[in-house]
Amino acid sequence: MDATTTPKAQVATVKLLIGGQFVESKTSEWRDIVNPATQEVLARVPFATEDEVNAAVASAKEAFKTWRKTPIGARSRVFLKYQQLIRENMSELAAILTAEQGKTLPDAEGDVFRGLEVVEHAAGIGNLQLGELANNVANGVDTYSVLQPLGVCAGITPFNFPAMIPLWMFPMAIACGNTFVLKPSEQDPMVTMRLCELALEAGIPPGVLNVVHGGESVVNAICDHQDIKAISFVGSTKVGTLVYNRASLAGKRVQCMMGAKNHAIVMPDANKEQTLNALAGAAFGAAGQRCMAVSVAVLVGEARNWVPDLVAKAKTLKVGAGVDKGVDVGPLVSCAAHDRVSGFIDRGVSEGATLALDGRKPTVPGYEKGNFVGPTIFADVKPGMSIYEQEIFGPVLCLVGAEHIDEAIELINANPNGNGTAIFTQSGAAARKFQEDIDVGQVGINVPIPVPVPMFSFTGSRASKLGDLGPYGKQVVLFYTQTKTVTQRWFDDSTVSHGVNTTISL
Ligand code: NAD
């Protein structure tokens, strides 16, 4: 971790948000936030102290006393206002995001927009947080359930969607009547903080939303804290598994959305031009730093001959700084990410895969220090190679061949990850077989990145997810609430019972 101990006076500092105030951390541990296209230091982020984490949780606990009783309509109207403010500030939010994360400006707007959709969904909480009622379950007896907020909830988010993923979490949790402590990625927390400022402007009361920054020790403090009732985590499988185990042991609800190795099946009857476009966009967009990026294409039958066409398509993409017009592939988030991805490409070559397109060391005039890796394609990839087995999280597409659809499905189901997948075909029968037999959370049929819209929930299978309920959609209302079931009887003269009943009946 490249944290240092002294804040540089001339560089802005990212604040904590505690009790409705943006406050300077008293920590001695800071980390630079660096523009990945230029290496310019944009700001410094603190690694919060234990006292600061405790203060954030205490403020959320206090605010819960009143927020939990705030009428559903009042909660809903905060998010109606919030979605408006996000729209009005879209360009500024995208610019901050591109500067600290690297993705192109249109893609940064997409990052904000996919989060905005969840805010719109949160504004409809009146239709989502509904219980059930059964009339006359026994003579004069009704049973109904209410979905009540849990208390203080927390969110831990990754670097790759610094707008969308925080917005998956705190709007729905707060709309349900909870209060929240957010721990954004320490690599790019600035757009997240701007979104939090807008949330306060929209009317989220002091203490209802709090933010602490940091890494492992802050996350561990959140997992252990007795006043936190539920944790949403999005990030790598390694860290998510640690968080799930530690926080579950401390008695919390936990949902962890984790790593991926997303395969797309290309059937020989697929529309070739559309499929090549979809694969190139899904493999190389955001420099491959999407949990739903397609990182393996399984070419079935005659589609195995499409490698040169795919290479030609990938070569049309422009590598450059996210702020520049016409750029398709921005830099990787950090020098460490650049070195890791380049190392994978070296290993792919030494392990015997065919490097059909080499994206190492692209020329990007004016941005010589940027963390750029261009679109890279490996053909003849086999299970067992490290480029196949591990999540590269860069613009590297592995091509695997298969004789028929059954072999392709078997390969995907044998991979430990089950985040996203897609099939490209014009056959309804092949698409339906795929839908039925594939063991993956998000399934696309001629859709390369099938991230669900907010009326559904994001999901995941096998090693890509721990916990049963997913973020946003209907499932998250259950995640962020406690079901209370009430059975009631009111006596009048006709229903008064006589004598003691010692049986189990109502
Ligand atoms: P990461 O796991 O390194 O970090 C995620 C969060 O955990 C960050 O807030 C970080 O500060 C914290 N953290 C890091 N190391 C920790 C440790 N040792 N102990 C406790 N906390 C720690 O993930 P990342 O690199 O920021 O994001 C990329 C990963 O996230 C990829 O694996 C990607 O597939 C995954 N991801 C998954 C989804 C999904 O919905 N399934 C979405 C986006 C990203």
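Key figures
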| read-out | value |
| --- | --- |
| Pairs where the first residue, in region 414-431, is on the phi < 0 side of the Ramachandran plot and of a type in the set (F, W, Y) and the second is crowded, with 20+ Cβ neighbours inside 10 Å and not in a strand (DSSP E or B), C-beta under 6 Å, 6+ apart | F424/A270; F424/T275 |
| Candidate set from region 469-490 (those that are in a loop (DSSP other than H, G, I, E, B) and away from the ligand (no atom under 15 Å from the Cβ)); member that is farthest from Y244 (Cα to Cα) | W490 |
| Matching residues, region 230-242, being farther than 16 Å from A173 by Cα and either open to solvent by less than 10 Å² (accessible area, probe 1.4 Å) or more than 8 Å from the ligand (Cβ to nearest atom) (or both) | G240, T241 |
| For T316: the one exception among (1) in contact with a Ser or Thr (Cβ under 6 Å, 6 or more places away or on another chain); (2) surrounded by fewer than 16 Cβ atoms within 10 Å (Cβ to Cβ) | (1) |
| First in region 228-247 and farther than 18 Å from R290 by Cα, second anywhere and open to solvent by less than 10 Å² (accessible area, probe 1.4 Å) and of a type in the set (S, T, Y), Cβ under 8 Å, 6 or more apart | A230/Y480 |
| Among (1) charged (D, E, K, R); (2) more than 11 Å from the ligand (Cβ to nearest atom); (3) part of a loop (DSSP other than H, G, I, E, B), the one test that E197 misses | (3) |
| Boolean, A154 is more than 30 Å from I504 (Cα to Cα), surrounded by 24 or more Cβ atoms within 10 Å (Cβ to Cβ) and out of contact with any Phe, Trp or Tyr (no Cβ under 6 Å at 6 or more places or on another chain) | yes |
| Hey, A278 farther than 30 Å from F64 by Cβ, open to solvent by less than 10 Å² (accessible area, probe 1.4 Å) and either without any contact (Cβ under 8 Å) to a residue 24 or more places away in the chain or out of contact with any helix residue (DSSP H, G or I) (no Cβ under 8 Å at 6 or more places or on another chain) (or both) or not | no |
| Count of region 243-280 residues which are within 16 Å of the ligand (Cβ to nearest atom), outside any strand (DSSP E or B) and over 17 Å from the mean Cα position of the chain (by Cα) | 7 |
| Among residues of region 360-376, those that are touching a Gly at 6+ places or on another chain (Cβ under 9 Å) and either closer than 13 Å to A312 by Cα or open to solvent by 20 Å² or more (accessible area, probe 1.4 Å) (or both), counted | 8 |
| Given (1) outside any strand (DSSP E or B); (2) within 11 Å of the ligand (Cβ to nearest atom), index of the condition G155 fails | (1) |
| Residue match in region 98-120 (condition: free of Cβ contacts under 8 Å to residues at least 60 places away in the same chain, touching a Pro at 6+ places or on another chain (Cβ under 9 Å) and within 19 Å of N178 (Cβ to Cβ)) | yes |
| Selection within region 210-229 - more than 9 Å from the ligand (Cβ to nearest atom) and surrounded by fewer than 24 Cβ atoms within 10 Å (Cβ to Cβ) | A221, D224, H225, Q226, D227, K229 |
| Any hit, region 177-194, residues being more than 16 Å from the ligand (Cβ to nearest atom) and open to solvent by 10 Å² or more (accessible area, probe 1.4 Å) | yes |
| Of all residues in region 460-498 being without any contact (Cβ under 8 Å) to a residue 60 or more places away in the chain and surrounded by 14 or more Cβ atoms within 10 Å (Cβ to Cβ), the one that is farthest from W67 (Cα to Cα) | R462 |
| Residues that are within 12 Å of the ligand (Cβ to nearest atom) and either more than 14 Å from the chain's Cα centre (by Cα) or surrounded by 21 or more Cβ atoms within 10 Å (Cβ to Cβ) (or both), drawn from region 426-456 | V440, G441, Q442 |
| The listed residue being touching a helix residue (DSSP H, G or I) at 6+ places or on another chain (Cβ under 6 Å), farther than 25 Å from E186 by Cα and assigned to a helix (DSSP H, G or I), out of R304, R347, R360 | R347 |
| Enumeration of residues in region 370-386 that are touching a Cys at 6+ places or on another chain (Cβ under 9 Å), touching a residue at least 40 places away in the same chain (Cβ under 8 Å) and over 16 Å from A414 (Cα atoms) | N371, I377, A379 |
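For (1) surrounded by 22 or more Cβ atoms within 10 Å (Cβ to Cβ); (2) basic (K, R); (3) out of contact with any Asp or Glu (no Cβ under 8 Å at 6 or more places or on another chain), each residue gets a yes or a no:
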| site | (1), (2), (3) |
| --- | --- |
| F284 | yes, no, no |
| G322 | yes, no, no |
| S334 | no, no, yes |
| S342 | no, no, yes |
| G352 | no, no, no |
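For every residue, the table says whether it meets (1) in contact with a strand residue (DSSP E or B) (Cβ under 9 Å, 6 or more places away or on another chain); (2) hydrophobic (A, V, I, L, M, F, W, C).
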site: G352; (1), (2): no, no
site: K369; (1), (2): no, no
site: P375; (1), (2): yes, no
site: F378; (1), (2): yes, yes
site: M385; (1), (2): yes, yes
site: G401; (1), (2): yes, no
site: D406; (1), (2): no, no
site: I409; (1), (2): yes, yes
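The values are calculated or read from the model by the stated rules, or taken from the named source; none is laboratory data. These figures come from a predicted structure and were not determined experimentally. Positions of Cβ are generated from backbone atoms using ideal geometry, with glycine treated the same way; all protein chains shown enter the neighbour counts. Ligands, DNA and RNA are stripped out before the accessible areas are found, and what is left, the full protein with its side chains, is counted by its heavy atoms. Shrake-Rupley method; radii C 1.70, N 1.55, O 1.52, S 1.80 Å.
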